[in-house]
Each structure stands twice: as C-alpha cells, then as structure tokens.
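Participant: Below is the structure I would like to discuss, written out as structure tokens.
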Amino acid sequence: MTETASQDQAAPAAGESVEDFKARAKAWLAENMPRIDPANPPDSDRGEEAPWLRARELQKKLHAGGFAGICFPREYGGLGYPIAYQRAFDAVSKDYELPIILNTPTFTICAATILDTGTEEQKSEHIAAAIRGDEILVQLLSEPSGGSDLAGVITRADRKGDTWVINGAKTWSTSAFAADYGLLLARTDWNVPKHEGLTMFMVPLDAPGITMRRIKQVDGGDEFCEEFFDNLELGDDAVVGEVNEGWEVASRQLYHERRAVGGGSEFASGIGPEGVTDQPVDYRALLAETGQADSERAREMAGRALVRRAVQEQLIDHVYHGVLDGSLPPAAGSIIRITHAESIQFEIDTAVALSGAAGVVDAGDRLIRYGDRYLSRQTASLGGGTTEIARNIIGERVLGFPREQAADRGVPFKDVKRNKV
C-alpha cells in the first residue's frame, strides 16, 4: 500500500531540464489552479477550518498534476528534484492559489525531520501522505512550564509492557486542531542529564487520552492550541529516532524550523503570502491612500523597509547555498531566522507609522489591518526558539564562542531544581 501510494504522483519527464519543467508547470497551472484576485485574496485565517480543508484540496490537485513534493525523494512520494526546480515552480506559481499554509509546519519542519530521522515505514507513510494532501503534521514541543528551555520538558513517557504511556501537557502548538499527527517530545529517563533522557514520538491527534483546547490571542486569533495527555498509549512504531536520543531529533527539527521561519527551506512549495492577512506591505498603495505620495520623509521610510526586504531575500539565498556547500555550518540557519524577525517587525512598525490613526482606529478603512498585525509582531521573534536563543546558537555554533555556564549541565534531571506546576 505505501509503495503504491508513494508512486501514484504523475511522473516528470526523464531528464527534464529546469526550463522545460518551468514551462510545463506554467501551462499546467493555467489550466488547473485558480488564479488569485489581488483585490480579494483567499481566506488564510489559520484559526478557521475552511482554509485547511481548502489546502488539502489544493494539495491533492498539485499531487495529481505531478507538482507536489518537488524536493522530497521519489521513494517517499516526491519528485526528487534539486531546489532549482522548486524555485522555477515558485516563480510561475505566485499568481495562483496554492496550499501555502501546509508549508509550515507540515512540509518544511515535520516532514523534513521525518526524512532525516524517521524509519523507512514512517517516511513512506507520513511524508507520502502529506505530499498527497492526506495528512497535516504539527509540532508538540513547548510546555506550560518550559519557557525557552526545550530540553527541560516534563511530559513523560513511561514504559508499561509493550506500550508507552504518555502523561503531561503541551502548549502553543500551531494549528494542531487541523492536524492528523504531531511530533511530541517526552521524557523517558529521569536519571540522566536533561538532554539525554528524551524521546520523540509520532502521535495521532485523534487518539484516546488527548484533550485539546484553543488559545485566544491578543489579536483575536486562535490558531494555537494546548494539549493534555492522560494515559495516552503508543507503540514502539511511534518512536522517531532512537529511545532516549530524542534531543538529536528535536535539534534537527529546530534546525528545519529556523530555516523555514527565515524562508530558506527547499521543501516549501509556493511563495508569497498565505492570504489576505499575510500580504506584504504595498508601500506605493499605502502612501497614496494616506496622501503621502509626495512626502520625501514618508518615501524614505518606505524605501528603508523595501531595502531590508531585498537584503533578506539575498541573505536567504546566501545562507542556503553556504550550508549546502559546507562553507557555513547548519546552525547558520539561525542567521536568517533572526533577520527575518527583525525585517518583519521593521516593516510592520513602518506600516503603522505611515498609516497613522487609520492603522489603529477601525472606521471601515482597510489600513486597520496593519494595526491588527502590529499586535502579533513579536511572534516573529518566537518561532523556532526565541531570538535570544538564536543569537546564542550563532555565537556558539557559528562563531565558536564558549558556552555560557549552566547549573544543570551534567546533573540527572530528577535532581534539577525547577518550578512546580
């Protein structure tokens, strides 16, 4: 079943060049995918069910047409092409509606992590299912008491006969309500230092023993979830990587997340905003709407933001190829993670400054969206670990600075002092 499932995507032409692939994609898109109306972009509210159902539908179309999972290996349902083919597809698909919300975390983080660390069965089953549009994958990492210390998780997995029994809680799980499976990090050994007693599990989110609740954010959105695990039972086939080697899997997962957040993953399909709530700032239109088209100061502010946007795009390409050819270590992905956050915040701050009162007072003016986006501007500094953690990673793993002193280093986790929950 999995072998057939991984091979039912329309096969690309043998020896197809990038230009031929691009031309074929352009023709197929024009005949099969809906064009985006710039004045009425598709709904992309991640907290609603409809965009996720629509994404599954669009992903199935891509798969049937032979343009899904372009950089994933053929044996797991992809096309096995280099990133140049994905970039070519992105270039001709930007005016079409695509399942972009599936990029993160399903493809760029979870499927990429399974590709690196999963068993052959997990790769054949879950990567292929995601590429077909049959599965959505999420991360179950953060915990109510964990803060930024991912290795300090206290959700536990205890061995009971032939099964693992999971008890604990996770939080800030992006779009978990819409997902089929989650990658969950749990503690399986309390007698070793915290990084050594962790195991990663693949968890079906409809399993008995899981209670899920939505989290209401300050901007009114509720895409994030919290999950409670009460005697959830899993088999050995749910273990991703090796037992008690979960930190290696989590580290690889965070590597992919930082690249994804910064825009540097080859597994992302399609470029541009997810929809109306994620459109890049159109500074020309913004200046015209606010009567500042002739203002030298306003144009200079907009220009600075556009320059940062252009630099970020070039930096993504530089870091990606640097990691690929070995001139930069994999940890360099944290560079684009930091600059992505800084660029997003700079652009939102600039848009709000240029919008003035229209950006914060709802009088039927569409400029209010910049005020709404300002409320969540800090999220760019949290995804993939905080910006502070990303700076530590760059200092220690890219620049070679000595690690900071840690009181719990080498101490069995059961003896580490921590807050009571």
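Participant: Going through the range 214-231 one residue at a time, which ones are acidic (D, E) and outside any loop (DSSP other than H, G, I, E, B)?
Facilitator: The answer is E226, E227, D230.
Participant: Which residue is most open to solvent (accessible area, probe 1.4 Å), if the candidates are limited to the range 118-163 and must be in a loop (DSSP other than H, G, I, E, B) and among the hydrophobic types (A, V, I, L, M, F, W, C)?
Facilitator: Only one residue fits best here, namely I154.
Participant: Looking only at the range 331-338, decide whether some residue is touching a helix residue (DSSP H, G or I) at 6+ places or on another chain (Cβ under 7 Å), open to solvent by 40 Å² or more (accessible area, probe 1.4 Å) and part of a loop (DSSP other than H, G, I, E, B).
Facilitator: no
Participant: Taking the options T104, T113, T108, name whichever one is at pLDDT below 95, closer than 30 Å to R54 by Cα and surrounded by 21 or more Cβ atoms within 10 Å (Cβ to Cβ).
Facilitator: T104
Participant: Looking only at the range 363-374, decide whether some residue is of a type in the set (G, A, S), surrounded by fewer than 15 Cβ atoms within 10 Å (Cβ to Cβ) and at pLDDT below 75.
Facilitator: Yes, some residue in the range 363-374 is of a type in the set (G, A, S), surrounded by fewer than 15 Cβ atoms within 10 Å (Cβ to Cβ) and at pLDDT below 75.
Participant: Identify, by number, the condition in (1) in a helix (DSSP H, G or I); (2) at pLDDT 95 or above; (3) touching a Gly at 6+ places or on another chain (Cβ under 7 Å) that D90 doesn't meet.
Facilitator: Result: D90 fails condition (2) only.
Participant: Suppose the filter is open to solvent by less than 90 Å² (accessible area, probe 1.4 Å), over 25 Å from A305 (Cβ atoms), at pLDDT 80 or above and not basic (K, R); does V352 pass it?
Facilitator: no
Participant: Any idea how many residues of the range 249-284 are open to solvent by 20 Å² or more (accessible area, probe 1.4 Å), at pLDDT below 80 and under 28 Å from E388 (Cβ atoms)?
Facilitator: Residues flagged as open to solvent by 20 Å² or more (accessible area, probe 1.4 Å), at pLDDT below 80 and under 28 Å from E388 (Cβ atoms) within the range 249-284 amount to 6.
Participant: While we're on this one: Counting only residues that are in contact (Cβ under 8 Å) with a residue 12 or more places away in the chain and part of a helix (DSSP H, G or I), which one in the range 285-302 is most open to solvent (accessible area, probe 1.4 Å)?
Facilitator: R299
Participant: Within the range 59-84, track down each residue that is surrounded by fewer than 20 Cβ atoms within 10 Å (Cβ to Cβ) and part of a loop (DSSP other than H, G, I, E, B).
Facilitator: G66, P73, G80, P82
Participant: Would you mind telling me which numbered condition in (1) in contact with a Ser or Thr (Cβ under 9 Å, 6 or more places away or on another chain); (2) surrounded by fewer than 19 Cβ atoms within 10 Å (Cβ to Cβ); (3) at pLDDT below 95 E233 fails?
Facilitator: For E233, the failing item is (3).
Participant: Would you be able to tell me the number of residues in the range 177-213 that are of a type in the set (V, I, T), part of a strand (DSSP E or B) and open to solvent by 10 Å² or more (accessible area, probe 1.4 Å)?
Facilitator: The number of residues fulfilling the criteria is 2.
Participant: Which residue is nearest to the chain's Cα centre (by Cα), if the candidates are limited to the range 1-38 and must be at pLDDT below 75 and among the hydrophobic types (A, V, I, L, M, F, W, C)?
Facilitator: Per the stated criteria, the residue is A5.
Participant: Further, regarding this structure: Mind checking which residues of the range 384-400 are in a helix (DSSP H, G or I) and of a type in the set (S, T, N, Q)?
Facilitator: Hits for the range 384-400 are T387, N392.
Participant: It is to be established whether one or more residues within the range 44-58 are on the phi < 0 side of the Ramachandran plot, among the aliphatic types (A, V, I, L, M) and open to solvent by less than 10 Å² (accessible area, probe 1.4 Å).
Facilitator: Yes, there is a match, as at least one residue in the range 44-58 is on the phi < 0 side of the Ramachandran plot, among the aliphatic types (A, V, I, L, M) and open to solvent by less than 10 Å² (accessible area, probe 1.4 Å).
Participant: Does V243 satisfy being touching a strand residue (DSSP E or B) at 6+ places or on another chain (Cβ under 8 Å) and either of a type in the set (A, V, I, L, M, F, W, C) or at pLDDT 95 or above (or both)?
Facilitator: yes
Participant: Report yes if A341 is part of a helix (DSSP H, G or I) and either modelled with pLDDT under 80 or open to solvent by 40 Å² or more (accessible area, probe 1.4 Å) (or both), otherwise no.
Facilitator: It is false that A341 is part of a helix (DSSP H, G or I) and either modelled with pLDDT under 80 or open to solvent by 40 Å² or more (accessible area, probe 1.4 Å) (or both).
Participant: Another question about this same structure. For the range 393-407, give me each residue that is surrounded by fewer than 16 Cβ atoms within 10 Å (Cβ to Cβ) and either closer than 30 Å to P280 by Cβ or touching a Cys at 6+ places or on another chain (Cβ under 7 Å) (or both).
Facilitator: none
Participant: Could I ask something else about it? For R87, indicate whether it is of a type outside the set (A, V, I, L, M), out of contact with any His (no Cβ under 9 Å at 6 or more places or on another chain) and crowded, with 18+ Cβ neighbours inside 10 Å.
Facilitator: Spelling it out, it is not the case that R87 is of a type outside the set (A, V, I, L, M), out of contact with any His (no Cβ under 9 Å at 6 or more places or on another chain) and crowded, with 18+ Cβ neighbours inside 10 Å.
Participant: Same structure, new question: Looking at H195 and the list (1) under 22 Å from N103 (Cβ atoms); (2) touching a helix residue (DSSP H, G or I) at 6+ places or on another chain (Cβ under 9 Å), which single condition is not satisfied?
Facilitator: Of (1) under 22 Å from N103 (Cβ atoms); (2) touching a helix residue (DSSP H, G or I) at 6+ places or on another chain (Cβ under 9 Å), only one is false for H195: (1).
The values are calculated or read from the model by the stated rules, or taken from the named source; none is laboratory data. None of these values were measured; they are calculated from a predicted model. For neighbour counting, all protein chains shown are included, and Cβ atoms are generated from backbone atoms with ideal geometry for every residue, glycine included. Only protein heavy atoms, including side chains, enter the accessible area calculation; ligands, DNA and RNA are left aside. Shrake-Rupley method; radii C 1.70, N 1.55, O 1.52, S 1.80 Å.
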